[in-house]
Ligand code: NAD
């Protein structure tokens, strides 16, 4: 039987396993298996050549028992409703595992930003908010950046929503530029949270990270800052990075500012001088200490999991490992820091951004780092202790912690 790669079916299977161990009743289990609400929209957008193109968009509010829905927006040509549902489910368990008072949501537009002008991107962003705006707001649902969306897009969306309300509403969206109510420390928060988890994992494994080799798949927000902070905070030696065009390898280490300059100039890190070009598949199987998937879903599968040589997998991407691959990695003694724990730093600082917007009072960078470290370390420990106590792998342990908290809130509200 071939491996199931539909992200939402994977998310449901993962939940099923947790539900059984948590002994959730059939009503609760059925409720947590599906999104509470989803909106599908059509966006007619005038393109620069005068033609009108109709884009499809989605917003899924998976569960808001613990607080307003929260989750990023993707602009991607391969976006599907099932990807958005899966990501919204993972956001629900993520906000619970780091114990912030928010629920889970996600959104996306099927489009290819690489083929669009800035003006077209702005019109798509504003059109999306005009359609989805009625179900958004700081007390309802708060989007944020994700794959191929960025602070500028958040700024246009916040502006459009504010215009619809007739007053400024910075708290409707997070990941905004600093000048428009963004939080200090949001840009690198996802990678920083992952590096705090890696630091804790290394303590448990008795591993010295200074000089440890690392490979990073994906060189966007999560991947780039993973290199910067992996070097700065932990002393990692990043030998391989990649993007959608391929991977580059240099055994004695890659200079991050050099890679960034090459990517900014040419749109890809591939082609950097003195670096060997390999494939994204080969990157995953390199003999490195730390492997950091920071691109898209389903890259570590039953087919290649046995060939992963890293001691620790730091999942900054959402859904990079399939359930079959999880079992193989666990059997092989690979320590996986699972996605919705590992990449929760982004949503934690997004939560801090919302709090600062509500107070209209802004924190220093050190305060953000300190509060993020406390949240991530506490979440890491809760997951690790559950994995030890229940003798399960880390992803299932993260599910046990997150799902139990959401189910608790659902019960207290009297919904099930
Ligand atoms: P991004 O758009 O900034 O970067 C994505 C990167 O992935 C780009 O470098 C792109 O070239 C690369 N890429 C695309 N397809 C690829 C492929 N097939 N193989 C290798 N590389 C490929 O996106 P991001 O915000 O860094 O998000 C990356 C991952 O991290 C996603 O899974 C996202 O859901 C997750 N994540 C991001 C945040 C955040 O705050 N940005 C938070 C939590 C999780």
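Most simply put, region 189-342 has about 30% antiparallel DSSP beta bridges, counting only bridges with both residues inside it. Inter-label distance, residue 21 to residue 362: 4.2 nm, where each label sits 7 Å from its Cα along the C-beta direction.
Cα extents for region 358-416 along the principal axes, largest to smallest and rounded to whole angstrom: 40, 32, 13. Relative to its residue count, region 189-342 spans a Cα convex hull of 93 Å³ per residue. Cβ crowding within 10 Å ranks 43, 32, 180, 412 as 412, 180, 43, 32, fewest other Cβ atoms first.
The spacing between region 124-158 and region 342-416, judged by their C-alpha centroids, is 23 Å. The alpha-carbon positions of region 47-103 define a convex hull whose volume is 94 Å³ per residue.
Peptides 371-377, 263-269, 142-148 ordered by packing proxy, namely the average of other Cβ atoms within 10 Å per residue, highest first: 142-148, 371-377, 263-269. Put in order of Cβ neighbour count within 10 Å, fewest first, the listed residues 74, 66 become 66, 74. Figure legend: label point modelled 7 angstrom from the Cα of residue 281 along Cα→Cβ; residues of region 246-265 with amide N under 20 Å from it are 246-249. Label positions at residue 370 and residue 165, each projected 7 Å from the Cα along the C-beta direction, are separated by 3.0 nm.
Across region 94-185, the fraction of Cα-Cα pairs farther apart than 24 Å, rounded to a whole number, is 19%. Between region 182-204 and region 47-103, what's the alpha-carbon centroid distance in Å? About 22 Å separates the Cα centre of region 182-204 from the one of region 47-103. Relative to one another, the C-alpha centroids of region 233-276 and region 280-319 are positioned 17 Å apart.
Which FRET efficiency value, to the nearest 0.05, do you get for residue 413 and residue 307 by plugging their Cβ-Cβ distance into 1/(1 + (r/R0)^6) with R0 = 41 Å? After rounding to 0.05, the efficiency reads 0.35. Protection proxy ranking of 86-97, 205-216, 382-393, by the mean of other Cβ atoms within 10 Å over each peptide's residues and highest first, is 86-97, 205-216, 382-393.
Considering every Cα-Cα pair within region 1-74, what fraction, in whole percent, is farther apart than 14 Å?
Roughly 74 percent, rounded to a whole number.
Averaging 1/r across all pairs of distinct Cα atoms in the chain and inverting the result yields a Kirkwood radius of 21.5 Å. Taking packing as the residue-averaged number of other Cβ atoms within 10 angstrom, the listed peptides 396-403, 339-346 run from highest to lowest as 339-346, 396-403.
Values quoted throughout were computed directly from the atomic coordinates according to the rules given, and no laboratory measurement underlies them. The shown structure was predicted, so the numbers you read here are calculated from the model rather than taken from an experiment. Backbone-built Cβ (ideal geometry, glycine too); neighbour counts: all protein chains shown.
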